[in-house]
Amino acid sequence: MIRTVLYGVLLAIVGYALFLWKKVKDNPFSSQSFPKARQNYRTRGTREPWVQVYETASADDASLIQARLQEAEVDCLVYEQGKKDIYGNSLKGIGIIVPKSAVPLAQRIISQLPV
């Protein structure tokens, strides 16, 4: 009788351990499901204002400038502007913004690009 109770308790413990293991394995937010961050990744200052340094109608131009700024390790974002401004005028389409502290460097890099 004692042996049966002992086996039942042991089986319950193993079952509960397997249940917890499966629950952790299926969790989409576990640390194993996210790729490791790059070593040189820098966090962006959320309080620092961002400034537009370039505006274009071509997505190719924007991606070229974004690649050149990223080579120089300048944080930048490419965004698509809205359809019209508050006066009803059509906008060019694509803008590039950088943190305010990186504006002089970004402008220097953009001015050196071939036209």
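The values are calculated or read from the model by the stated rules, or taken from the named source; none is laboratory data. In this text, all values refer to a predicted model and were calculated from it rather than measured experimentally. Note that we place each Cβ from the backbone using ideal geometry, even for glycine, and neighbour counts take in every protein chain shown.
The C-beta contact set for segment 78-102 (first residue assigned by TED's automatic domain parsing to the domain that holds Tyr54, second residue part of a loop (DSSP other than H, G, I, E, B) and of a type in the set (Asp, Glu), distance under 8 angstrom, 6+ apart or interchain) comprises Leu91/Asp85; Val98/Asp75; Pro99/Glu48; Pro99/Asp75; Lys100/Glu48; Ser101/Glu48; Ala102/Asp75.
Restricted to segment 49-59, and to residues there that are loosely packed, with under 13 Cβ neighbours inside 10 Å and modelled with pLDDT under 90, the residue that is nearest to the chain's Cα centre (by Cα) is Ala59.
Meeting the requirement of 1 or more residues that are in contact with a Leu (Cβ under 6 Å, 6 or more places away or on another chain), the strands (runs of 3 or more DSSP E) wholly within segment 42-115 are 94-99.
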